[in-house]
1. Do we have Glu192 as touching a residue at least 12 places away in the same chain (Cβ under 8 Å), among the acidic types (Asp, Glu) and touching a strand residue (DSSP E or B) at 6+ places or on another chain (Cβ under 7 Å) here?
2. If the requirement is being surrounded by fewer than 19 Cβ atoms within 10 Å (Cβ to Cβ) and assigned by TED's automatic domain parsing to the domain that holds Glu247, which of these qualifies: Lys186, Lys152?
3. Of everything in segment 73-102, what is of a type outside the set (Gly, Ala, Ser), in contact (Cβ under 8 Å) with a residue 40 or more places away in the chain and closer than 14 Å to Gly48 by Cβ? Give them in sequence order.
4. Of the numbered conditions (1) surrounded by 21 or more Cβ atoms within 10 Å (Cβ to Cβ); (2) of a type outside the set (Ser, Thr, Tyr); (3) under 23 Å from Met1 (Cβ atoms); (4) free of Cβ contacts under 8 Å to residues at least 40 places away in the same chain, Gly212 satisfies every one except a single condition; which is it?
5. Starting from segment 270-294, take each residue that is at positive phi and list its partners that are basic (Lys, Arg), counting only C-beta distances under 7 angstrom and pairs at least six apart or across chains.
6. Looking for whichever is on the phi < 0 side of the Ramachandran plot, in the same structural domain as Ala289 (by TED's automatic domain parsing) and modelled with pLDDT of 95 or more here; the options are Leu166, Leu85, Leu176, Leu136. Which one fits?
7. Consider Lys263 carefully, then state whether it is surrounded by fewer than 24 Cβ atoms within 10 Å (Cβ to Cβ), in contact with a strand residue (DSSP E or B) (Cβ under 9 Å, 6 or more places away or on another chain) and either among the charged types (D, E, K, R) or closer than 24 Å to Ser102 by Cβ (or both).
8. Report the residue count in segment 80-103 for those that are farther than 12 Å from Ala23 by Cβ and surrounded by fewer than 18 Cβ atoms within 10 Å (Cβ to Cβ).
Amino acid sequence: MRTMQELIEAAKAHGRKRVAVAAAQEHSALEAVVDAWKHGLAEPVLVGDREAILALGGELGLDLSAFELHHEPDLAKAAALAVGLVRSGEADVLMKGVLDTSILLKAALNKESGINAGRLTSHVAAMEVASYHKLLFVTDAAINIAPDIAAKLDIVANAVAAARALGVAWPKVALLAAVEKVNWEKMPCTAEAAVIVQMNRRGQLRDCIVDGPLALDNAVSAESARIKKIHSEVAGDADILVAPDIEAGNILYKCLLDLGGAKGAGIVMGAARPIVLTSRADSAETKLASIAFAALASVKE
C-alpha cells in the first residue's frame with residue numbers, strides 16, 4: 001500500500017464501521033464523519049447536545065436525519081456514553097468531537113468502564129510521502145512526551161498493529177536518533193534503542209523487525225545506509241519510524257505534512273478499539289483518511 005487513496009479503498013472493502021463521535025457538536029468532526037458516510041466508510045453515531053448538533057448540521061448543509069443520535073450535553077458524560085457504545089460493541093471506532101482530548105482519553109482509559117487494553121496508548125500516523133516507495137508510519141507525535149523503554153515497547157507494538165492492519169505483514173521498525181552509534185551517556189535514547197533491538201531479536205517484541213539507533217537518512221535511504229556501511233534489513237526500507245520523544249515525533253510529522261507535501265492519517269492505538277482525533281486544522285482528505293485508517297485498524301483478525 002502506497003497511497004491514502006489505496007488506504008481508503010481498502011477500508012471501503014470492509015463496509016461501514018460504526019463511529020461513535022463524542023460531543024459531536026463540532027463542525028470539523030461532524031463534516032468528517034458525514035463525509036466518511038458518503039464514501040461508504042462509516043455509520044455515524046452522534047453523541048452530544050442534540051439541539052447544537054442539529055443546528056450545526058443545518059449551518060453546514062448536512063442532512064443528519066439518517067444517523068443515530070444520543071442526547072447528552074455534558075462533555076464528560078458524552079465521552080463516557082460514546083466510550084460505552086464502543087465497549088459494548090454497539091460501535092467499532094471512537095472519535096473525538098468538541099471536547100478536550102484529555103476528557104476523551106480519561107473516559108476511554110477508565111479501567112472499569114472504558115476500553116483500556118492494559119497498555120500505553122500512542123499516536124500513529126500513516127503517511128503518503130512522494131519521495132518514498134510505500135506508506136510510512138510515524139510515532140509518537142502527539143501523546144507520550146518522554147517515553148522510557150517500557151513505554152517505547154508499547155509504542156512500537158501499537159504501530160506494528162496499525163501497520164499490520166494496513167497489510168504490512170512484517171513491519172520494519174526504525175528507532176530514530178541523531179546518530180547510528182550508541183552513546184549511552186550523552187544520548188540515552190541510543191542505548192534504549194539498542195536494548196529494544198536486542199529484545200526484538202530474542203522474541204520479546206514480536207511480529208516485526210527492529211533496528212536502531214538509526215538516523216533518519218539511514219532509515220529511509222538505502223544509498224545513505226550503503227555509504228555509511230550500515231548492514232540492516234530495516235535501513236533504507238523502514239515501514240515505521242519511532243521518534244525518541246514527542247518533540248522529535250511532532251516535528252517530523254509536521255515537517256512531512258507542511259514542508260514535504262505528504263498526505264497523512266492519524267489515530268490513537270493501544271486501547272481496545274482505535275480512536276480518531278481530528279483537528280480543525282486537518283484537511284478534509286486527512287480527516288477522511290484518518291477515519292478509514294481507524295476503520296481498518298478496528299477489523300478483527
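The values are calculated or read from the model by the stated rules, or taken from the named source; none is laboratory data. Keep in mind that what you see is a predicted model, and the values were worked out from it rather than measured. In this analysis, Cβ positions are derived from the backbone assuming ideal geometry, glycine residues included, and neighbour counts consider all displayed protein chains.
1. Values: touching a residue at least 12 places away in the same chain (Cβ under 8 Å): yes; among the acidic types (Asp, Glu): yes; touching a strand residue (DSSP E or B) at 6+ places or on another chain (Cβ under 7 Å): no.
When the stated conditions are applied, Glu192 does not pass them.
2. Exactly one of Lys186, Lys152 is surrounded by fewer than 19 Cβ atoms within 10 Å (Cβ to Cβ) and assigned by TED's automatic domain parsing to the domain that holds Glu247, namely Lys186.
3. Of the residues in segment 73-102, the ones of a type outside the set (Gly, Ala, Ser) are 73-75, 77, 81, 83, 85-87, 90, 92-96, 98-101.
Checking the rest, the ones that are also in contact (Cβ under 8 Å) with a residue 40 or more places away in the chain come to 75, 81, 83, 85-87, 90, 92-96, 98-99, 101.
Correct list: Leu75, Leu81, Val83, Leu85, Leu94, Met95, Lys96, Val98, Leu99.
4. If we test Gly212 against (1) surrounded by 21 or more Cβ atoms within 10 Å (Cβ to Cβ); (2) of a type outside the set (Ser, Thr, Tyr); (3) under 23 Å from Met1 (Cβ atoms); (4) free of Cβ contacts under 8 Å to residues at least 40 places away in the same chain, just (3) comes out false.
5. Every condition considered, the pairs that remain are Gly270/Arg119.
6. Working: Leu166 fails: in the same structural domain as Ala289 (by TED's automatic domain parsing); Leu176 fails: in the same structural domain as Ala289 (by TED's automatic domain parsing); Leu136 fails: in the same structural domain as Ala289 (by TED's automatic domain parsing).
Criteria check complete, one pass: Leu85.
7. yes
8. Of the residues in segment 80-103, 4 are farther than 12 Å from Ala23 by Cβ and surrounded by fewer than 18 Cβ atoms within 10 Å (Cβ to Cβ).
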